[in-house]
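The values are calculated or read from the model by the stated rules, or taken from the named source; none is laboratory data. Just so you know, these numbers come straight off a predicted model, no measurement behind them. Quick reminder, even Gly has a Cβ in these numbers, built from the backbone with ideal geometry, and neighbours come from all protein chains shown.
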2 protein chains.
Amino acid sequence: MNHTGDARPRAVTIYDVARAAGVATSTASRALSNPGRVSERTRAHVAEVAERLGYVPNRMAQALPSGRTGLFALLVPDVTNPHHVGLIRGAEAQAAAAGHSIVLADGQEDAAIEAAHLRRLGSFVDGFLLVSPRGSADDLAPLLRRHPAAVFNRPLAGLPGVVADIDAASAQTVEHLAGLGHRALVYLRGPETSWADGERRRTLAAHAERHGVTFHAAGPHAPVLGSGPAAAEAGLATGATALVAFNDLIAIGVLQHLERAGVAVPGDVSVVGADDVFGASFCHPPLTTVTSPAEPAGRALVDLVTGTAPDDPVLPSVLVVRESTGPARSSRSPRGVPFGAANR
Amino acid sequence: MNHTGDARPRAVTIYDVARAAGVATSTASRALSNPGRVSERTRAHVAEVAERLGYVPNRMAQALPSGRTGLFALLVPDVTNPHHVGLIRGAEAQAAAAGHSIVLADGQEDAAIEAAHLRRLGSFVDGFLLVSPRGSADDLAPLLRRHPAAVFNRPLAGLPGVVADIDAASAQTVEHLAGLGHRALVYLRGPETSWADGERRRTLAAHAERHGVTFHAAGPHAPVLGSGPAAAEAGLATGATALVAFNDLIAIGVLQHLERAGVAVPGDVSVVGADDVFGASFCHPPLTTVTSPAEPAGRALVDLVTGTAPDDPVLPSVLVVRESTGPARSSRSPRGVPFGAANR
DNA sequence: GTGAAAGCGCTAACAA
DNA sequence: TTGTTAGCGCTTTCAC
């Protein structure tokens, strides 16, 4: 009656199949998982018996000798971040297509938790899929020695990986903003442990310089909606007319804060996000942002870890212009500072 | 150099530890995983040696005799749905806290894919966490015979589970709408295979009747943003002044369509969603919706499957009033039908 | 083409 | 308290 009860039926093993089919276990095994090394006649017979008995191979037992489980660990910095669901989706789909499965691990933006997961999962999985891991290269290396691994948005010596084309995205962002007349932009930083954060900052600064626009940076900030108020205030304080956030979560949080604070977007300041997460297209105003190749990246990670090299390790990331960016106000003063004061 | 290369170091086994410590393997095993049955002196010694050698138990090998892996399969109908990330989050957190891990499976709203996952994962995991499974009870039963399972939002004979308090949420929804003067509401249905959809419809209809408001239903609709236009039109066609959607995805899609179509919300019609997903609070207008106990449900599922009964199998779900609902227009005619015509 | 037997790494009787 | 030994279910040499 009660399926949670304890009286679960014993599973039918390959021994049962072999006995019922009147062959040796090795023959049954071959018939099932290595046909071609067995006569068609016995293959068919064993298959029929296995089917009839409802035989399902015990993957754990298969894994012991072979050492391979068909399981891959996907480690994300924060499952809660909608950006990462694209990664999860892509990885799950690609893995499932190859008959593999994904074990999900949430690093919670914490290098120690990350390491604990890698350690725990190590003896279970055939490989690691690391999404912008937060741990230091030195901490990560020993944990990854035992398995193939592939990394997204974090070049790690000796490990294959893919990254988003952050430079291209930054170029488009600055070009767009400069074209709208913005003379100063501020980058609202994400977590310090994020490689993408450093890249974004570096490339934004470089392109800003190229266009002669003043570059500021503020932060770090946790990559969550709740960072909005602090990030917005820090950004406004620089006097910049364009706020470029580490990701959409921060950007949307900024939008919400600005609305409450009576700062018009894009009338007073423009706001740009990153990742183009669910919600970016219908927040208020719809967010100009930079896409993230999340789903392709998820797929590429499983390809990489299973031995297929991607065509190009840098995945496209482009600017999507919506309504949170517009022409710069002719002039802006830093928050609380008299109009016209020097803006550094 | 290249960690994907083939020259991976052989893992240190418990035999290595035992030999190095000068004890029998069973002693080493006990010292590590069943202390108390071994002298403190040897326990410490073995532990020290294991540490020094960098011993990590092979979980697959541990699992073979014990039959338990510490892995639980979480099956969701669609990883892409932000509602489900709450479930994933809760389950992952609770599992991790108990030293367990979650294998994620995406049913893609398809009973066959769902079944395939259950079959594949069966020999790997200690139990199944099923989030509103789409398969029929008859299809599911044989797949769940071998393992404990717990279910969210779908009473399944013999299986423990938790459900959202859909009745309470519907009561609050209808009361809210009736209080605003709405005399007719339409429920924009979700997938036919969803138990929650049936419950929502049934309870909404019952409470509507109690308040003397006319009840319509339209659908089914796929639970995605893209269903918005069709759902909105079907809803408007009934002449109802309040559209209650199966979930927030459909509701937000409806909002977007209505805005494009020039129908004012809540001026012309009110819209209510369900789940309170990320984005519901900042779409335009912010969505009145019913919360889903997603994260608690995720936690409850792992508790249930590991043998802990929850205090109450029905988890609270409440109405959150935001700006997509407002006073009913004194009168409304079905789309395209002359004002004042009978509204069925 | 098929069978016998060893072994993957670990735990759990059973002995001592 | 500790050691010996037999599996867990499967694959895979190695013979025949």
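Could you please find all residues in segment A:162-186 being under 29 Å from A:GLY127 (Cβ atoms) and buried (at least 21 other Cβ atoms within 10 Å of the Cβ)?
Once the filter is applied, which keeps residues that are under 29 Å from A:GLY127 (Cβ atoms) and buried (at least 21 other Cβ atoms within 10 Å of the Cβ), segment A:162-186 yields A:VAL162, A:VAL163, A:ALA164, A:ILE166, A:ALA169.
Consider B:ALA115 carefully, then state whether it is surrounded by fewer than 22 Cβ atoms within 10 Å (Cβ to Cβ) and away from DNA strand D (no atom under 13 Å from the Cβ).
Answer is yes for this residue.
Look at B:ALA18 and say whether it is in a helix (DSSP H, G or I) and either touching a strand residue (DSSP E or B) at 6+ places or on another chain (Cβ under 7 Å) or within 12 Å of DNA strand D (Cβ to nearest atom) (or both).
For B:ALA18, the condition - in a helix (DSSP H, G or I) and either touching a strand residue (DSSP E or B) at 6+ places or on another chain (Cβ under 7 Å) or within 12 Å of DNA strand D (Cβ to nearest atom) (or both) - is met.
Kindly indicate the residue of segment A:38-65 that is within 8 Å of DNA strand C (Cβ to nearest atom) and more than 40 Å from the chain's Cα centre (by Cα) and also surrounded by the fewest Cβ atoms within 10 Å (Cβ to Cβ) among those meeting that condition.
Going through the qualifying residues, I end up with A:ARG41.
Which one of the conditions (1) basic (Lys, Arg); (2) away from every other protein chain (no Cβ under 13 Å); (3) under 29 Å from B:ALA91 (Cβ atoms) does A:ARG202 fail to meet, given that it meets all the rest?
Of everything listed in (1) basic (Lys, Arg); (2) away from every other protein chain (no Cβ under 13 Å); (3) under 29 Å from B:ALA91 (Cβ atoms), A:ARG202 misses just condition (3).
Of the conditions (1) within 7 Å of chain A (Cβ to nearest Cβ); (2) out of contact with any Phe, Trp or Tyr (no Cβ under 9 Å at 6 or more places or on another chain), B:LEU121 satisfies every one except a single condition; which number is it?
(2)
Here is a list of conditions, (1) farther than 16 Å from A:GLY298 by Cα; (2) more than 16 Å from DNA strand D (Cβ to nearest atom); (3) among the aromatic types (Phe, Trp, Tyr), and A:TYR55 meets all of them except one; can you say which number that is?
Single failed check for A:TYR55: (2).
Search segment B:58-73 for residues that are facing chain A (nearest Cβ under 7 Å) and under 14 Å from A:ASN58 (Cα atoms) and pair each with any residue that is more than 6 Å from DNA strand C (Cβ to nearest atom) and in a strand (DSSP E or B) when their beta-carbon atoms are under 9 Å apart and the residues are at least 6 apart or on different chains.
Listed by first residue and then by second, the contacts come to B:ALA63/B:LEU71; B:THR69/B:SER101.
Applying the selection to segment B:300-313, what residues are surrounded by fewer than 22 Cβ atoms within 10 Å (Cβ to Cβ), in contact (Cβ under 8 Å) with a residue 40 or more places away in the chain and either assigned to a helix (DSSP H, G or I) or among the acidic types (Asp, Glu) (or both)?
Across segment B:300-313, the qualifying residue is only B:ASP303.
Would you mind telling me which numbered condition in (1) over 17 Å from A:GLU92 (Cα atoms); (2) among the basic types (Lys, Arg); (3) away from DNA strand D (no atom under 16 Å from the Cβ) B:ARG41 fails?
With respect to (1) over 17 Å from A:GLU92 (Cα atoms); (2) among the basic types (Lys, Arg); (3) away from DNA strand D (no atom under 16 Å from the Cβ), B:ARG41 is out only on (3).
Does B:ALA24 satisfy the condition of being surrounded by fewer than 17 Cβ atoms within 10 Å (Cβ to Cβ) and free of Cβ contacts under 8 Å to residues at least 40 places away in the same chain?
Here the answer is yes, as B:ALA24 does meet what is asked.
Enumerate the strands (runs of 3 or more DSSP E) found wholly within segment B:118-190, keeping only those where 1 or more residues are in contact with a Pro (Cβ under 9 Å, 6 or more places away or on another chain). Break it down into steps so the answer makes sense when it comes.
Numbers: elements: B:127-131, B:149-152, B:161-164, B:184-188.
Qualifying strands (runs of 3 or more DSSP E): B:127-131, B:149-152, B:161-164.
Counting just the residues of segment A:27-37 that are loosely packed, with under 15 Cβ neighbours inside 10 Å and near DNA strand D (Cβ under 7 Å from one of its atoms), which one comes out nearest to the other protein chains (Cβ to nearest Cβ)? Steps first, answer last, please.
Taking segment A:27-37 as the starting set, the residues that turn out to be loosely packed, with under 15 Cβ neighbours inside 10 Å are A:33-34, A:36-37.
Remaining after also requiring near DNA strand D (Cβ under 7 Å from one of its atoms): A:33-34.
Details: A:SER33: 14, A:ASN34: 19 Å.
Filtering first and then ranking leaves A:SER33.
Return the residues of segment B:263-285 that are more than 20 Å from the chain's Cα centre (by Cα) and farther than 19 Å from B:ALA231 by Cα; say none if nothing qualifies.
If the condition is that a residue be more than 20 Å from the chain's Cα centre (by Cα) and farther than 19 Å from B:ALA231 by Cα, then B:PHE282 is the only one that fits.
Does B:VAL79 satisfy the condition of being in a helix (DSSP H, G or I) and modelled with pLDDT under 95? Can you show your working first?
Values: in a helix (DSSP H, G or I): no; modelled with pLDDT under 95: yes.
The answer is no for B:VAL79.
All but one of (1) more than 30 Å from A:ARG154 (Cβ to Cβ); (2) within 16 Å of DNA strand D (Cβ to nearest atom); (3) charged (D, E, K, R) hold for A:ARG68; state the number of the condition that does not hold.
(1)
Among (1) at pLDDT 95 or above; (2) more than 13 Å from chain B (Cβ to nearest Cβ), where does A:ASP312 come up short?
Every listed condition holds for A:ASP312 apart from (1).
So which of B:GLU109, B:GLU92, B:GLU114 is more than 8 Å from chain A (Cβ to nearest Cβ), in contact (Cβ under 8 Å) with a residue 40 or more places away in the chain and not in a strand (DSSP E or B)?
Residue meeting the stated conditions: B:GLU109.
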